[in-house]
Amino acid sequence: RHIGIIMDGNGRWARGRGRPASFGHRQGVRAIKRVLQACEDLGVHALSIYAFSTENWARPRAEVRALMRLFHETMQREIDEMHRRGVRIVVSGRRDELSARMRERIDEAMARTANNTNGVLNVCLNYGGRAEIVDAVRKLVRDGLPAQKVDEEAISSRMYNPELPDPDLIIRTAGEHRVSNFLLWQSAYSEMLVTETLWPDFGEDELKAALAEYALRVRRFGARPAAEIAVG
């Protein structure tokens, strides 16, 4: 139902070709389009992509500016196509810290596609898993919820996009074995798969391979399968 992807390796991909990081990021956008189409073809309803973390502001200023410009251009360019395909666009993150121009573009994309039902693209932009939990707790305080009524459901319902199901699978490209502050609350029982493939090279074949491996896993959600209990 829901796949999350930590898109890593754009910079390494570009450096390996003697190009600036911005070139790798643009190729990464092409990979997003390929993977989103593959998700539609394979029946995956929701795709969450880690586009820009709250920690990414520490990158070189020129790279950050190029990324923000790319996000704005891409959202403006692709919104018609996303709407035509019936994809709903949502953005998770601290949007209030983005530029007014970017917020306007995000609001337009989300409003225009709000009623689409063929799939969901969740763009995690200026996003951090810890920040999301902090923001959910702040909502609890503002709502005046008594301590004895604070439970998992109360917190889950105050996440950025609580209507999305928890991810079944988290994929990280470029070989790093870290969650990097991505969907910390929602991924409590997600399967994790790491591939050496750099993000700009990731496509339908790599997604199919990831789903094939996922299909072989037994999701236990903290319990033991009955067959294991039977044998001891």
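No lab work stands behind these numbers, since they all come straight from the coordinates. Model, not experiment: these values are computed from the prediction. Positions of Cβ are generated from backbone atoms using ideal geometry, with glycine treated the same way; all protein chains shown enter the neighbour counts.
So the values come out like this:
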item: Per-region count, segment 104-120, residues in contact with a helix residue (DSSP H, G or I) (Cβ under 7 Å, 6 or more places away or on another chain), farther than 24 Å from Arg65 by Cβ and of a type in the set (A, V, I, L, M); result: 0
item: Residue check, Val150 loosely packed, with under 15 Cβ neighbours inside 10 Å and either of a type in the set (Val, Ile, Thr) or in contact with a strand residue (DSSP E or B) (Cβ under 8 Å, 6 or more places away or on another chain) (or both); result: yes
item: Selection within segment 108-134 - in a helix (DSSP H, G or I), within 18 Å of the chain's Cα centre (by Cα) and either free of Cβ contacts under 8 Å to residues at least 40 places away in the same chain or within 14 Å of Ile49 (Cβ to Cβ) (or both); result: Ala109, Met110
item: Residues (in contact with a helix residue (DSSP H, G or I) (Cβ under 7 Å, 6 or more places away or on another chain) and over 20 Å from Gly4 (Cβ atoms)) located in segment 67-84; result: Met68, Leu70, His72, Gln76, Ile79, His83
item: Among (1) free of Cβ contacts under 8 Å to residues at least 40 places away in the same chain; (2) part of a helix (DSSP H, G or I); (3) among the aliphatic types (A, V, I, L, M), the one test that Val29 misses; result: (1)
item: Options Arg95, Arg105: the member that is within 28 Å of Ala154 (Cβ to Cβ), among the charged types (D, E, K, R) and surrounded by 12 or more Cβ atoms within 10 Å (Cβ to Cβ); result: Arg95
item: Yes/no for Arg30 being among the basic types (Lys, Arg) and in contact with an Asp or Glu (Cβ under 8 Å, 6 or more places away or on another chain); result: no
item: Positions within segment 1-33 being more than 20 Å from the chain's Cα centre (by Cα) and basic (Lys, Arg), in sequence order; result: Arg12, Arg15, Arg17, Arg19
item: Restricting segment 145-174 to residues that are in a loop (DSSP other than H, G, I, E, B) and under 20 Å from Arg217 (Cα atoms), the residue that is nearest to the chain's Cα centre (by Cα); result: Pro167
item: Selection count where residues are under 17 Å from His45 (Cβ atoms) and part of a strand (DSSP E or B), scope segment 79-93; result: 5
item: The one condition in (1) surrounded by 17 or more Cβ atoms within 10 Å (Cβ to Cβ); (2) touching a residue at least 12 places away in the same chain (Cβ under 8 Å) that Arg1 fails to fulfil; result: (1)
item: Residues (in contact with a Lys or Arg (Cβ under 8 Å, 6 or more places away or on another chain) and either of a type in the set (Ser, Thr, Tyr) or loosely packed, with under 15 Cβ neighbours inside 10 Å (or both)) located in segment 58-85; result: Gln76
item: Selected residue (only one of Ala38, Ala51 is in contact (Cβ under 8 Å) with a residue 40 or more places away in the chain and assigned to a helix (DSSP H, G or I)); result: Ala38
item: Test: Gly4 is outside any helix (DSSP H, G or I) and in contact with a Pro (Cβ under 9 Å, 6 or more places away or on another chain); result: yes
